[in-house]
1. How far is the Cα center of the range 436-473 from the Cα center of the range 363-405, in Å?
2. Considering only C-alpha atoms, what is the centroid distance from the range 85-153 to the range 35-72, in Å?
3. Quickly rank 48-61, 119-132, 441-454 as a protection proxy: mean count of other C-beta atoms within 10 Å, highest first.
4. In what sequence, highest mean first, do 413-420, 376-383, 74-81 appear when ranked by Cβ atoms within 10 angstrom?
5. Which of the three applies to the range 320-389, rounded, prolate or oblate, going by the alpha-carbon gyration tensor with a ≥ b ≥ c and a/c under 1.5 meaning rounded?
6. Is the C-alpha gyration tensor of the range 378-429 telling us rounded, prolate or oblate? Criteria: a/c under 1.5 is rounded; beyond that, a/b larger than b/c is prolate, otherwise oblate.
7. Does the range 1-125 classify as rounded, prolate or oblate by the C-alpha gyration tensor (a ≥ b ≥ c root eigenvalues; a/c under 1.5 gives rounded; else a/b over b/c gives prolate, otherwise oblate)?
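None of the figures in this text is laboratory data; all of them are computed from the coordinates on show. Just so it is clear, the structure is predicted and the values come from calculations on it, not from any experiment. Glycine gets a Cβ as well: all are built from the backbone with ideal geometry, and neighbour counts include every protein chain shown.
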């Protein structure tokens, strides 16, 4: 579904901006998204493809997700985790409701127009937080009730190759969310006047500030990042109304961040192995140290052979191996990408091409720029733009590096597309930080991109640039 959506607009763009790692975990199958998140994406789909398509996809998505959580909740430690998630969801709901009452009181005593506008924007987002927290609490409670009412033998956890294994316990790789109505759960009826849920606010049709919802409302400045719900302050999971676990989630590094630092190896039951024993100190030697070995380049194969193998893996249901092959292909020389796209389309694997683009968006800046340039040179502008839109969630410095690499390669159109996507989904302050890397070259392009957007984006960027000490020419 996300492959049909614009990563720079709507709820999908908002979720990517708030929590790119959480979105990636859901798309990679390491976590199940909350149903309210799925519903928001389906609303985006309705705007892009029509209400009829969205209605069909809603039924399909609900059935798939219901089947998934039925198995997921019966994995070892599933009931314990549901209890933990439910407690965290209740706390998040209470916190959001307290914030809503406080903002409502403050709005009633606002002294001037500027304060009123700021509080109105914050109130809009807080109302959305309350609605999502309430929906997740109800969904988690229903899942726990269903699990207790229909216990099944524990299902061994299935992991794709390379993923850490876990033992029974309240912590799991990635966040968890509530389940939608589906095949095994009755569809909810509309709340009656006596139903206490009738008074609860519902998630909005679009992000607060979208023209279809609140034309005059913009996202509040400084709202919490890395959260599906903005009000969360506990580590671990209010973005999914999840457990406040102290451990860091076992996500893969965010786009553009290689995990090459000298970090201690993960340990504990979550990772399925003991802490490694320290290696013995090497004995002193007078022999000269050997020259460091040069890492070989990743092996490449003809695009047609890759498409044939991928088709065979899909036919056999070996989805984990298929995804691993796509990840490998994304890192191959950029010049092969257009040919691979053609072969995948010829084999009826267009969806896998979109997955490969998503993986390529995580490449280091220079490789990302090379991939975009190769697609642009081959006339695949739509694929190139999709790749660049997905790559703007990385740090501003890396986006600057990618844009400068594109400019140095003579791909001004692709550089402008990348900067335009960045200005569309990031703040004016972040755009000013990006401009510092080469003010003379980046500033006019950022301003040009901001000038094409509605509202006060251009004015806000001018102000942010002046605050950063950058004077536009």
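1. 20 Å
2. Cα centres, the range 85-153 to the range 35-72: 22 Å.
3. Most protected by this proxy first, the peptides run 119-132, 441-454, 48-61.
4. Details: 413-420: 23.5, 376-383: 15.9, 74-81: 18.4.
Taking the mean over residues of other Cβ atoms within 10 Å, the ranking is 413-420, 74-81, 376-383.
5. Taking the square roots of the gyration eigenvalues as a ≥ b ≥ c, the range 320-389 is oblate.
6. The shape class here is oblate.
7. Oblate shape, in that a/c is at least 1.5 and b/c is the bigger or equal ratio.
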